[in-house]
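**Q** Below are the structure tokens for one structure; questions will follow.
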Amino acid sequence: MNKNYKKSIIQDDLREAINKTPCKKWGKWFNDAEEPYPCVCSVRDEYCIELELYHELQKVINLYNQEAYFKQALEEFELIDKQSSTALLSWIKRYQGIGSKLFFNTTITISRSSEKNDKLIIQLNPDEFSTVIQFQEIFTTV
Ligand SMILES: [Zn+2]
């Protein structure tokens, strides 16, 4: 089975799941890569929950795949003279694109029902994401 074939099966599954949701909020995310709004359905449809789970895990995988990039950023940071605001600012500027959009949390919480406060909670191992966590900490404090 080649990679593209596998990928198209996932795409088809996603499309099918999106069409089954009553809120259809995932359509824009799927078609135009727009960040979806939180679901406002009081009791959520299982497809909508599944799509959110897929979306959250996809984000985690993307971050995981960028580990080398975060590592490089941290190494560069180590070498900076911390007294020099010019050097710190240029580091921030270099990584602003990714840093300003990074809201990584090792706990993924997906609401199943807003009325019953029923949540699906996934706990990631912080050790596996230490580089990202460290980058995020430095970026927000600097
Ligand atoms: Zn929904």
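**Q** Carbon and sulfur: what percent of the range 3-141's accessible surface (1.4 Å probe)?
**A** With neighbouring chains kept in place, the figure for the range 3-141 is 52 percent.
**Q** Continuing with this model, one more query. May I ask you to derive the relative contact order of the range 3-141, considering only C-alpha pairs under 8 Å and at least 6 residues apart, and to give it as an integer percent?
**A** Once divided by the residue count of the range 3-141, the mean separation gives 22 percent.
**Q** List the trypsin sites (Lys or Arg not before Pro) within the range 30-137 that DSSP assigns to loop and that have no more than 13 neighbouring Cβ atoms inside 10 Å. List each step's numbers first, then the result.
**A** Values: sites: ARG44, LYS59, LYS71, LYS82, LYS93, ARG94, LYS101, ARG112, LYS116, LYS119; in loops: ARG44, LYS82, LYS101, LYS116.
Here the trypsin sites (Lys or Arg not before Pro) that fit, given the DSSP loop and packing criteria, are LYS82, LYS101, LYS116.
**Q** Shifting gears a bit: Taking the Cα atoms of the chain alone, what are Rg (to one decimal) and Dmax (as a whole number) in Å?
**A** Looking at the chain, its Cα Rg and Dmax stand at 18.6, 56 Å.
**Q** Helix-derived [θ] at 222 nm for the chain: sum -39500 (n - 2.57) over DSSP H runs of at least 4, divide by residue count, nearest 500? Working shown, then result.
**A** Numbers: 6 runs with 85 residues, N = 142.
Mean residue ellipticity at 222 nm (helix-derived): -19500 deg cm²/dmol.
**Q** Just flag the GluC sites (Glu not before Pro) in the range 31-127 sitting in loop per DSSP whose Cβ has no more than 13 other Cβ atoms within 10 Å.
**A** In loop regions of the range 31-127 (DSSP not H, G, I, E or B), the sparsely surrounded GluC sites (Glu not before Pro) are GLU34, GLU115.
The values are calculated or read from the model by the stated rules, or taken from the named source; none is laboratory data. In this text the structure is predicted, and so the values were computed from the model without any measurement. Note that each Cβ is placed from the backbone with ideal geometry, even for glycine, and that neighbours are counted across all protein chains shown. Remember, those area values only see protein heavy atoms, side chains included, never the ligands or the DNA or RNA. Shrake-Rupley method; radii C 1.70, N 1.55, O 1.52, S 1.80 Å.
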